[in-house]
């Protein structure tokens, strides 16, 4: 019979870092609020959350890497909003933010979650920050807890065969 492992979203005793971009703050503050509410809903203490603000989406991976490297956090949540403009800048920022955040997770073993909205319009950003499409900050926070729980469950298996 196959073994199934799932991560718990129980946030008690969890320490979470959040990296939040100040660029497009009218969106990112809503994502941050959603993430904080979701963490609290799952039992994460307010004083167990560290919030780091960075200028924009491009700077998120560096701050996330430094936080993950401390090994003080069970997960790092990355929040930002990149809205398409008339230049290729959007493509570069989105690509490098995604690549950098994934690399942090891979290199450090600390779940580092991508909560950077990459949208075509302000309307789409606002929809994903708490209106029609829910709050992606909350979704990423829940996923961060689940990934932390999943890695704990995998680690608890040990190396016995």
Original post:
Checking residue 23 against (1) in a helix (DSSP H, G or I); (2) at pLDDT 95 or above; (3) closer than 24 Å to residue 132 by Cβ, which single condition isn't satisfied?
Top reply: (1)
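Among the listed residues 90, 73, identify the single one that is modelled with pLDDT under 95 and over 12 Å from the mean Cα position of the chain (by Cα). I'd like the intermediate steps shown before the answer.
Working: 73 fails: modelled with pLDDT under 95.
Of 90, 73, the one residue that is modelled with pLDDT under 95 and over 12 Å from the mean Cα position of the chain (by Cα) is 90.
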**OP:** Restrict the check to the stretch 117-126 and report whether at least one residue is under 16 Å from the mean Cα position of the chain (by Cα), in contact (Cβ under 8 Å) with a residue 12 or more places away in the chain and not in a helix (DSSP H, G or I).
**Re:** yes
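Can you tell which of 82, 49 is crowded, with 16+ Cβ neighbours inside 10 Å and under 14 Å from residue 116 (Cα atoms)?
Details: 49 fails: under 14 Å from residue 116 (Cα atoms).
When all the criteria are applied, what remains is 82.
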**OP:** Go through the stretch 49-76 and count every residue that is within 21 Å of residue 128 (Cβ to Cβ) and in contact with a helix residue (DSSP H, G or I) (Cβ under 8 Å, 6 or more places away or on another chain).
**Re:** 10
**OP:** Report whether or not residue 152 is surrounded by fewer than 17 Cβ atoms within 10 Å (Cβ to Cβ) and at pLDDT 95 or above.
**Re:** yes
Original post:
Among the residues of the stretch 86-116, which ones are touching a helix residue (DSSP H, G or I) at 6+ places or on another chain (Cβ under 9 Å) and outside any helix (DSSP H, G or I)?
Top reply: 109, 110, 111, 112, 113, 114, 115, 116
**OP:** Answer yes or no as to whether residue 79 is without any contact (Cβ under 8 Å) to a residue 40 or more places away in the chain, assigned to a strand (DSSP E or B), in contact with a helix residue (DSSP H, G or I) (Cβ under 9 Å, 6 or more places away or on another chain) and within 22 Å of residue 44 (Cβ to Cβ).
**Re:** no
Original post:
If you check residue 45 against the conditions, is it more than 27 Å from residue 151 (Cα to Cα) and without any contact (Cβ under 8 Å) to a residue 60 or more places away in the chain?
Top reply: no
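The values are calculated or read from the model by the stated rules, or taken from the named source; none is laboratory data. Please read all numbers here as calculations on a predicted model, not as lab measurements. For neighbour counting, all protein chains shown are included, and Cβ atoms are generated from backbone atoms with ideal geometry for every residue, glycine included.
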